[in-house]
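Participant: Supplied in structure tokens, the structure appears directly below.
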Amino acid sequence: MGLVVKNVNKSFGTKKVVDNISFEMKSPSIYGLLGTNGAGKTTTIRMILGIIKMGSGEITWNGKHVERKHVNFGYLPEERGVYPKTKIYEQIMYFARLKGMDKKKAEENLLYWAKKLEVEEYLQVTPEKLSKGNQQKIQFITAIIHEPELLVLDEPFSGLDPVNTELLKNVILELVRKGTYIIMSSHQMHSIEEFASDILILDKGKTVLQGNLKEIKETYPANKIMLSTVENADSIIADANLKIYSSKDNDYIINIKNEDEGYKLFNLLAQNNIRVEKFEIMKPSLHDIFIEKVGE
Amino acid sequence: MKDVWVVASYTIKDMLSKKSFLISTLIILIMIVVGFNIPNIIKAFESSDTEEATEENFSKVLVVDSENIYNGMLEKLNDMQLGYKFEIANSEIQYEEIKNKIEAGEIEEALVITKQNNTVKVEYILEDITMMNSIPEEYTIALSNLYTDAQLSKLGYTEAQLQDFKPMFEYELKQTGEQEVKGNVFVIMLLSLVLFYAIYFCAYQVSTSITTEKTSKIIETLVTSTKPRTIVLGKTLGIGIVGLVQVAVIITVAATCAYFCLPEGALESVLDLSQITPTLAIFTVIYFILGYATYALLYALTGSTVGKPEDVQTANGPVAIVAVIGFYLSYFTMMNPTSNLNVFASIFPFSSPFCMPFRIMMGIATTSQIAISIAVLVATILVIANVSIKIYSNAILNYGSKISFKDMINMYKNKDDRNS
């Protein structure tokens, strides 16, 4: 069952912003929705959430058409927003009530997530007194307080320091373990790569790539080598007719066309008695795939 | 409906926690208490002045009538209780001497009376005439009356006969029209102004609240939690309740002050208290609610079209113009409350909330006029609500440049674009 998005289109005036998008989530997991600015991600998300109507197509949740009254969705928008002068406890409870929760359960959930995200001491404080990162965590709690079945996270990690990023990652993984379906939209490719099993890349409203991330990567030949050596290996790399992508203190990233070029370089290093500390033939990252698909 | 109340109760709580709201309400209440006590304050000062203002302390005025034009009647000036002590001189006194007396503080001012042909000339001499543009009216009236008395007494008329020449007059206003207006129209116009401000500023809060939610981006989370229609209606309801309670508190304080602080009979002299009935109170509340709903929903529309806080004033401009036109239509036609234009103002939906309650108060509104007025107002609210909610639903997630009138029309036509 889960979420099914089928042949969805949307136009604003004469401009088509979403062009025949289809994807589905059959089980609780994280789905990566990628695209450049203006590619149609937000419009797609708003259609899934039932905020705006589709031009054509079908969106169903557990076999039922998506309508606000039928679904229990959560949303962390890219545009961060909180009531700056209302105490955090009050505003989260307000959203919980709007989402139909009873006070006791809402309070229980609020305290649980506030503790998890280390913001429990701020519950009686107004958000204007908090850092942006903490405000973001407050907004995240607002999105999950009502235990949504489907959660849409738009740029969840932007603006967070590494410690808070780690906290949020753990919470997201906990939600998936508890059975939440998550759609994550982000420009931080490593975040998507770390979490998402399936992805969809949009460009100007059209799907340019979609599927299981691991399988997508399998279709691409290796394109880089990560190399660390004790001695300088610049001349050896040049002898192998390979181009250095970047290098620093004998740590190299080298462009290759296929895996064979990598093995040849490895042999050459051994023949020249260069001591190798690290050698990895790498498949293209999601970042590389994204650039290839949507980069002009 | 439950969500509408959730939004409304949150809005009420939010408004009541705002310091600016509480302080402004407190200032209004203080102004009312002080305003109603002005007569008492003046009285307190006057009574302390009276204690000191014995005859000894009256300003001394020298009146020079060297030609005895007044035939000795100028002494009566001291009996007229003008607040001065008049010193009458029937011999000629030179200007220099008068000047010296004023500079020495012996007298405050002087009146020198002479007669040339048929003209009585009065010179009014004082130290500084910067703040004067003419001789005080009390002097001119007193001197004129005394001159007439002097001339008549020369003809041998008795005091009783003089009284006949100058009887007391009692004036009374009557009209030929059938409709009788009860109460002082100017006081009622003032009350209309108060009602206008109460409705207008209460409705304006809706715009501010919606703009704040939009510009702070909280709206993204809000529209995924409930329908835009619920947000608009809940917000309008919440702010309306707070506004109504605020007005009720203000009226209660004003009524209490009027009862305890105003001199006896002061209120009755400007208002026909028999017209202030529970029916009038109910209609005033109804018109407050309907008037507020009209303007609040218009402000919901304009508030949702704003992308940046600094654009709020510009976006709200058209609604402000409509409100001001509606108010002035009501206000100025109330100078002639029996006119057809005032009847129109009491039915036209943008002016009726500021007009009809006072027509009811003046006892000139007919039942059919009230029924038509309320029906027109309710119909207008339904139309505005329909348009506002549709445009709000489309505009609220638009963060770009300010939405033009043309965009709004397109948004209304594309009514299925957003789930309102």
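Participant: Can you list the lysines whose alpha carbon sits under 18 Å from that of A:Lys264, skipping same-chain ones fewer than 8 residues off?
Facilitator: Leaving aside lysines fewer than 8 places away in the same chain, those within reach of A:Lys264 are A:Lys224, A:Lys243, A:Lys278, A:Lys283.
Participant: Based on the mean of other Cβ atoms within 10 Å per residue, sort peptides B:93-99, B:312-318, A:19-25 so the most packed one is first.
Facilitator: A:19-25, B:312-318, B:93-99
Participant: Per-residue HN-Hα couplings for the stretch A:32-43, Karplus 6.51 cos²θ - 1.76 cosθ + 1.60 at θ = phi - 60°, whole Hz, x for Gly and Pro?
Facilitator: x, 10, 10, x, 6, 4, x, 6, x, 5, 4, 4
Participant: Here's something else I'd like to know. In terms of modelled amide H atoms, which long-range or inter-chain residues lie less than 5 Å from the amide H of A:Ile183?
Facilitator: Result for A:Ile183 returns A:Tyr31, A:Leu151, A:Val152, A:Leu153.
Participant: Taking the Cβ of each residue in A:Val125, A:Val152 as the centre, tally the other Cβ atoms inside 10 Å and list the residues starting with the fewest.
Facilitator: Starting with the residue having the fewest Cβ neighbours, the order is A:Val125, A:Val152.
Participant: For peptide A:94-101, how many partner chain Cβ atoms fall within 10 Å of a residue's Cβ, on average?
Facilitator: Taking the mean over all residues of the peptide, I get 6.
Participant: Can you name the helices of chain B, as whole DSSP H runs, whose Cα span along the helix axis is 15 Å or more and whose Kyte-Doolittle mean is not below 1.0?
Facilitator: The answer, listed by residue number, is B:19-36, B:185-215, B:228-261, B:278-304, B:312-333, B:367-395.
Participant: D for the stretch A:224-294, whole µm²/s, Stokes-Einstein with Kirkwood Rh over alpha-carbon pairs at 10 °C and 1.306 mPa s: what number?
Facilitator: Answer from the Stokes-Einstein relation: 127 µm²/s.
Participant: Can you tell me the relative contact order of chain B? Whole percent, Cα pairs under 8 Å, sequence separation 6 or more.
Facilitator: 19
Participant: Now a separate question. Expressed as an acute angle from 0 to 90° and rounded to the nearest 10, what is the orientation of the C-alpha long axis of helix A:259-271 relative to the principal long axis of chain A?
Facilitator: 50
Participant: Normalising by the residue count of chain A, find the relative contact order in percent from Cα pairs under 8 Å and 6+ residues apart.
Facilitator: About 20 percent, as a whole number.
Participant: Taking θ = phi - 60°, what integer Hz values does the Karplus form 6.51 cos²θ - 1.76 cosθ + 1.60 yield along the stretch A:247-257, in sequence order, with x for Gly and Pro?
Facilitator: Per-residue couplings from phi come out as 8, 7, 6, 6, 9, 10, 10, 10, 6, 9, 8 Hz.
Participant: Which order, highest average first, do A:212-221, B:356-365 follow once you tally other Cβ atoms within 10 Å for each residue and take the mean per peptide?
Facilitator: Ranking, from highest mean packing down: B:356-365, A:212-221.
Participant: Additional query: In straight Cα distance, which lysines are under 23 Å from B:Lys154, not counting same-chain residues fewer than 8 positions off?
Facilitator: B:Lys76, B:Lys115, B:Lys121, B:Lys166
Participant: What pairs in A:Lys85/A:Lys178; B:Lys217/B:Lys406; A:Lys104/B:Lys2; A:Lys99/B:Lys2 have C-alpha atoms more than 22 Å from each other?
Facilitator: The pairs that break the limit, which is 22 Å between Cα atoms, are A:Lys85/A:Lys178; B:Lys217/B:Lys406.
Participant: Starting from the amide H of A:Val208, placed 1.01 Å from N in the peptide plane, find each other amide H under 5 Å away whose residue is 5 or more places distant or on another chain.
Facilitator: When sequence neighbours closer than 5 places are left aside, the close amide H contacts are A:Ile201, A:Leu202, A:Asp203.
Participant: Any idea what angle helix A:162-177 forms with the longest principal axis of chain A, computed on alpha-carbon atoms, 0 to 90 degrees, nearest 10?
Facilitator: Once rounded, the angle reads 70 degrees.
Participant: Assuming a ≥ b ≥ c are the square roots of the Cα gyration tensor eigenvalues, decide whether the stretch B:101-185 counts as rounded (a/c under 1.5), prolate (otherwise, with a/b larger than b/c) or oblate.
Facilitator: Oblate is the answer for the stretch B:101-185, as a/c is 1.5 or above yet b/c matches or exceeds a/b.
Participant: Would you mind checking A:Lys204/A:Lys293; B:Lys214/B:Lys308; B:Lys308/B:Lys413; A:Lys53/B:Lys227; A:Lys10/A:Lys204 for any pair whose Cα atoms are more than 20 angstrom apart?
Facilitator: Checking Cα-Cα distances, B:Lys308/B:Lys413 exceed 20 Å.
Participant: Right, another one. Å³ per residue of the Cα convex hull, for chain B?
Facilitator: Output value, Cα hull per residue: 240 Å³.
Participant: How would you order B:274-284, B:324-334 from highest to lowest mean count of nearby Cβ atoms within 10 Å?
Facilitator: B:324-334, B:274-284
Participant: Further, regarding this structure: Taking H placed 1.01 Å from N in the peptide plane, check which residues at least 5 places from A:Ile256 or on another chain put their amide H under 5 Å from its amide H.
Facilitator: Under 5 Å from the amide H of A:Ile256: A:Lys224, A:Ile225.
Participant: Inside 10 Å of the C-beta atoms of A:77-86, what's the mean count of C-beta atoms belonging to other chains?
Facilitator: The per-residue average across the peptide is 6.
Participant: For labels at B:Glu268 and A:Glu79 in the simple 7 Å Cα→Cβ model, what's the distance in nm?
Facilitator: My value for the distance between the label points is 6.1 nm.
Participant: Separate question: Based on DSSP H runs of at least 4 residues, each adding -39500 (n - 2.57), what is the mean residue ellipticity at 222 nm of chain A after dividing by all its residues, to the nearest 500 deg cm²/dmol?
Facilitator: Estimated from H runs of four or more residues: -10500 deg cm²/dmol.
Participant: Can you put A:Lys26, A:Lys85, B:Lys217, A:Lys248 in order, fewest other beta carbons within 10 Å first?
Facilitator: With the sparsest Cβ surroundings first, the list reads A:Lys248, A:Lys26, A:Lys85, B:Lys217.
Participant: Additional query: Hey, what's the per residue convex hull volume over the C-alpha atoms of the protein assembly as shown, in cubic angstrom?
Facilitator: In the protein assembly as shown, the Cα hull volume divided by residue count equals 296 Å³.
Participant: Right, another one. Dividing the convex hull volume of the Cα atoms of the stretch A:184-266 by its residue count, what figure in Å³ per residue is obtained?
Facilitator: Residue-normalised Cα hull volume stands at 132 Å³.
Participant: May I pose another question? Could you name the aspartates and glutamates whose alpha carbon sits less than 20 Å from that of A:Lys129, not counting residues in the same chain fewer than 8 places away?
Facilitator: Within the straight-line cut-off, A:Lys129 pairs with A:Glu79, A:Glu90, A:Glu118, A:Glu120, A:Glu121, A:Asp161, B:Asp14, B:Glu213.
Participant: Let me ask something else about it. Residue farthest toward the positive end of the dipole of the protein assembly as shown, with Cβ of Lys/Arg at +1 and Asp/Glu at -1: which of B:Met80, B:Cys355, A:Met54?
Facilitator: A:Met54
Participant: Semi-axes, largest first, in whole Å: what does sqrt of 5 times each Cα gyration tensor eigenvalue give for chain A?
Facilitator: Taking √(5λ) for each eigenvalue gives 42, 25, 16 Å, largest first.
Participant: For a footprinting-style exposure proxy, rank A:His65, A:His187 by other Cβ within 10 Å, fewest first.
Facilitator: Lowest to highest Cβ neighbour count: A:His65, A:His187.
Participant: What percent do you get for the relative contact order of the stretch B:132-290 when only Cα pairs under 8 Å and 6+ apart count?
Facilitator: About 34 percent, as a whole number.
Participant: Further question on the same structure: In peptide A:48-55, what is the residue-averaged number of other protein chain Cβ atoms found within 10 Å of each Cβ?
Facilitator: Rounded to a whole number, the mean comes out at 4.
Participant: Using the Karplus curve 6.51 cos²θ - 1.76 cosθ + 1.60 with θ = phi - 60°, what ³J(HN,Hα) values do you get for each residue of the stretch A:45-56, in whole Hz, with x for Gly and Pro?
Facilitator: Calculated HN-Hα couplings, in order: 4, 5, 6, 5, 6, x, 6, 10, 8, 6, x, 7 Hz.
Participant: Using only Cα atoms and rounding to the nearest 10 degrees, what angle (0 to 90) does helix A:103-116 make with the longest principal axis of chain A?
Facilitator: 20
Read-outs: derived from the displayed coordinates by stated rules, not from any lab. Quantities reported herein were computed from a predicted structural model and do not represent experimental measurements. Ideal geometry is used to build each Cβ from the backbone, glycine not excepted, and the neighbour counts take in all protein chains shown.
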